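The values are calculated or read from the model by the stated rules, or taken from the named source; none is laboratory data. None of these values were measured; they are calculated from a predicted model. Here Cβ is always computed from backbone atoms with ideal geometry, including for glycine, and neighbour counts include all displayed protein chains. These accessible areas exclude ligands, DNA and RNA; they are computed on the full protein's heavy atoms, side chains included. Shrake-Rupley method; radii C 1.70, N 1.55, O 1.52, S 1.80 Å.
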Amino acid sequence: MHRADNQDDETRSYLILPKGTRIGHYQVIEEIGSGGMGEVYLAEDTELGRRVALKFLRSDICRDEGCRARFRREAQVAAKLNHPNIVTIYEVSEYQGRPFLVMEMVEGRDCHEVIKCGELDLESIVDFAIQICEGLNEAHNSGIIHRDIKPSNVILDSKGRCRLLDFGLAAMLGSERQTPQGVAIGTVGYMSPEQVNGRQADNRSDIFSLGIVLYEMITGRQPFLKETVKETFSAIAQSIPEPLARYKVNVPTGLQKIIDKALDKNPEMRYQHVGDMLTDFKRIKRELAIPGFDSTDFYAAMKLPRRRLWIGLSALAAILIIMSAILIAVPSARRAVFRTFGIKTVPARKYLAVLPFTNIGHNDANQAFCDGLMETMTSKITQLEQFQDSFWVIPASEVRERSITSVNQAKRAFGITLAITGGVQLTGSDVRMTLNLIDAINGRQLNSIVIDAPLSNVAALQDSTVLELAEVLELQVMPEERHILALGGTTDPEAYELYIKACGYLQQSCDVENIDTSIFLFKLALEKDSAYAMAYADLGRAYWEKYQISNDPGWIEFALDNCRHSIAVSNRVVASHVILGSIYKGTGKYEDAIDEFKLAIDIDPSSHKAYRELADTYVILNRIEEARATYEEVIKLKPDYWTAYYDLGLFYLYIGRPDDAFEQMEMVMKLLPESDSDYNNVGALYFYNGRWDDARSMWEKSLMIEPNYGAYSNLGSLHFMEHRFNEAAVMYEKAIGLDSTDYQVWANLASVYDQIPGKAADAEAAYRKAIGMAEELRKVNPRDPELLANLAECSAVTGDSARALSLIEQSLELAPENIIIMARAGVVYEKLGFRDKALNLIMKALDGGYPFTFVKCLPELQGLLADSRFENHSGKGSNNPR
């Protein structure tokens, strides 16, 4: 970190924090910088044992609550960025009314200091430019604009790596330009013409500012800086910078062209995406490695003193042309040559995730198209699994369910080696799609594809894009295999566009309105093309989702009819058989379900979804050996696919073989050593089986990887069971600090407050919060038995006995055999004074396998435990860990 430029003391409002000051779990060590925004302190994170930087905003910057709320909201968005060339934001908070960021502490020098030393050669500058572009590309693809690119916001760390900091700070503060009386946002000398003229700044504004920084790195001087702010603004808006060659010798013409394009006054003539700029810099890097090579005009720029050298270079050019032809024709030859010359290719083990595409322009009307395109592309790439070794694709549903948005998140959660990120921009009747292939191991971009096409050609566009991705993934796709990509599809562009949007809405199936919209759009697609098999299959899936959320059996027949129609049109579409099989399984037609899943596997022997559903159906029918064999078949097919081991582990737990279950879960952790969620899941298994110390160890390991909601919440439950109520409250509060949207954790926190003297008012408030959130969910699904049971318990505690009784009776009616609902109902009846009903339900839950350790530790059931009738019932051993 560094000390920023000074400002007059009259415009500053210092915050003086002596060494040792405690701010939450941060302990101040020393002030390490100050500037126009505020102060930066070095601090110790006492919980995680690491040093961090606390960046406080001046009190006069964010005086009102609206500004502070905007700051928190925007900072939370910026904190999602996780990239090796971006300084990480860990947290945003307030202290004594001063908003502050908690950031990764990076040791090093800022780029401004390095420029002043004049120690950068062209190769280093180009390498740094590539790193800056990669970090900026990650941010732009996540919808985040920096707005204040300048040398002091580029840190060269101790390893010589470029790191960008202060992402989105301008947006957080709700301003985009500096005036003499205002806040320095978009620093003078590094602003774009749009910022100078008070117009909306987008990603192209960042590109202009980056062009200024790079110009300064090359020449040692700013291109537009003048004596006054007014003159500087005028130069930015009107002046053309002097050529680089005036201040730096041997500047390649291609490098000059990159800077010129980045600094074009007209945003439409500038680079439109930083990924394009990144590609050009990578090309320059390769060309700088060839002595005497100029990126714009190879022959004209060469100074050739002797004819012999000309002949030698001509021969080299001929060899390169022949070699290029060979490389294009034979991918294996291309890879061999790449390895020979040390050029990095994709990893041999290709474990891929397609991450949510950025909706460039943030037009809400285009979001469904963007989401649907990501899902359909994932499905098409997944179809290539059956023809490849060591290649699998994470389902789009799992990426969505875990809210994965960055490459590092996907690497930790799924163990991927590759990721595809991208953005989609719709302008009128055209679409631009940018796709980036990222090496997840080291965070480097391996390739980039930018495609512009009319919407009328989007179906063909996607198929060709998948084939192009297969090429950059180094997957060989034979002509007969390409035919599979088109199965069940359409040649009608309007039908395909409607289908993509319908898939996008169906991703948000927790909202019945989104399901209805998807059904409407699927039907419109089928009106355009009545032979569109995939549209029929997904329409069936939409109707099934509607049944599951409404519990109205009238929708089931619609679901079945459309799936059957899909198969009648084309019986070689795997998804049609899997969806129909799932509906059969959900309606008790298990033998029919097995037939469909087997048909799906016959078509695609790598279909993990079909195997999982088949094994689950065998379990329901108590065909245990067939279920086990099916799970193990997936492991044989994909021995490095962690999900297969996880499924088998759950199966062993279900049939009462916990040791075998934990053996499989250990394999999951071996394959996913960085996944906090899998440590959480394994911990939950230990917890349920009474191995609480092992559970605690798993959750603590999860937190060592990354502070996360699940581990904090789980530790809260463990402390509650141990009657360590103050510690439980701390854990639940931390969980809520990360995610305050789960009504159940609010209810859990309330029950903990109930046990702490002096916390009655806090308990009441938390219960009310939980009830309000649960009621909103109840509007979406009024027949969720667990939700109703939880609402009943909250109502009982807050004194609404009649409502509690009504809700718990509804819950038991919906799920009469669910042991968790029985146990919760027992708690409700005990609180309301109905001991006989409580006893009956608790004992029935125990007979069904509910853990006795849970019952024994609940404070609400201590009176029931002392009842002689309960003691007689559990007389075989009150320590039974069932």
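Listed values, structure above:
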quantity	calculated
Extension gain, residue 783 back to residue 867 (0.36 nm per residue minus Cα-Cα distance, nm)	26.9 nm
Unit charges on C-beta of K, R, D, E only; dipole of the chain, Debye	2120
Kirkwood-based shape ratio for the stretch 721-785, expressed as Rg/Rh from alpha carbons	1.02
The stretch 673-797, Cα convex hull volume normalised per residue, Å³	111
Where Rh is the Kirkwood radius over Cα pairs, Rg/Rh for the stretch 671-727	0.96
Over the stretch 529-589: Kirkwood hydrodynamic radius from C-alpha pairwise inverse distances, Å	11.1
Mean projection area, nm², convex hull over Cα of the stretch 831-870	2.6
Quotient of Cα Rg and 2.2 N^0.38 Å for the stretch 83-136, N being how many residues it contains	1.53
Net charge of Cβ neighbours under 11 Å - reference residue 814; Lys, Arg +1; Asp, Glu -1	-4
Residue-normalised accessible area of the stretch 44-128, expressed per residue, 1.4 Å probe, Å²	45
Three-way shape label, the stretch 743-862, alpha-carbon gyration tensor, a/c 1.5	oblate
Within the chain, helix-based [θ] at 222 nm, where runs of 4 or more DSSP H residues each add -39,500 (n - 2.57), nearest 500	-17500 deg cm²/dmol
Helical segments meeting 27 Å axial Cα length and Kyte-Doolittle 1.0 threshold in the chain (DSSP H)	307-329
Within the accessible area of the chain (1.4 Å probe), percent carbon and sulfur	50
Sequence-separation-based contact order of the chain, relative, with Cα cut under 8 Å and 6+ spacing, percent	5
Rounded to the nearest 10 Å², the accessible area of residue 202 at probe 1.4 Å	40
Gained length - residue 247 relative to residue 621, 0.36 nm times residue gap less alpha-carbon distance	126.7 nm
Estimated FRET transfer efficiency when R0 is 45 angstrom, pair residue 390-residue 817 (beta carbons, to 0.05)	0.55
Cα-based Rg of the stretch 356-418 normalised by 2.2 N^0.38 Å, two decimals	1.22
Overall Cα dimensions of the stretch 39-158 - principal axes, largest extent first, Å	47, 31, 29
Greater than 29 Å apart at Cα, pairs in 80/546; 528/598; 226/261; 150/350; 380/585	80/546; 528/598; 150/350
Projected area, mean over directions - the stretch 752-814, Cα convex hull, nm²	4.1
At most 14 other Cβ within 10 Å, DSSP loop - GluC sites (Glu not before Pro), the stretch 37-137	47, 107, 119
Residues of the stretch 502-565: accessible area per residue with a 1.4 Å probe, Å²	42
Whole-Å distance, taken between Cα centres, linking the stretch 395-420 and the stretch 639-665	22
Sequence-distant residues sharing a close amide H with residue 108 (under 5 Å, placed H)	none
Accessible surface of residue 856 - all protein chains present, 1.4 Å probe, nearest 10 Å²	80
Long-range Cα-Cα pairs in the stretch 481-532 (distance over 13 Å), rounded percent	57
Modelled FRET efficiency - R0 45 Å, residue 401 with residue 237, Cβ distances, 0.05 increments	0.40
The stretch 787-846 - charge dipole about Cα centre, Lys and Arg +1 at Cβ, Asp and Glu -1, debye rounded to 20	120
Farthest positive-ward along the stretch 732-804 dipole, Cα basis, beta-carbon charges - from 797, 782, 747	782
Packing rank of 378-384, 417-423, where each peptide gets the mean count of other beta carbons within 10 Å, highest leading	417-423, 378-384
Euclidean distance of C-alpha centroids, the stretch 507-540 and the stretch 570-619, integer Å	21
Exposure of residue 613 as accessible area (Å², to 10), given a probe of 1.4 Å and all protein chains	20
Accessible-area order (highest first, 1.4 angstrom probe) of the listed residues 429, 406	429, 406
Shape of the stretch 467-619, Cα gyration tensor, a/c cut at 1.5	oblate
Largest-first ordering by accessible area, 1.4 Å probe, given options 146, 273	273, 146
Estimated D of the stretch 530-676 in µm² per second, where Rh is the Kirkwood radius over Cα pairs and Stokes-Einstein applies at 37 °C, 0.692 mPa s	203
Tail weight of P(r) past 45 Å, computed on alpha-carbon pairs of the chain, percent	37
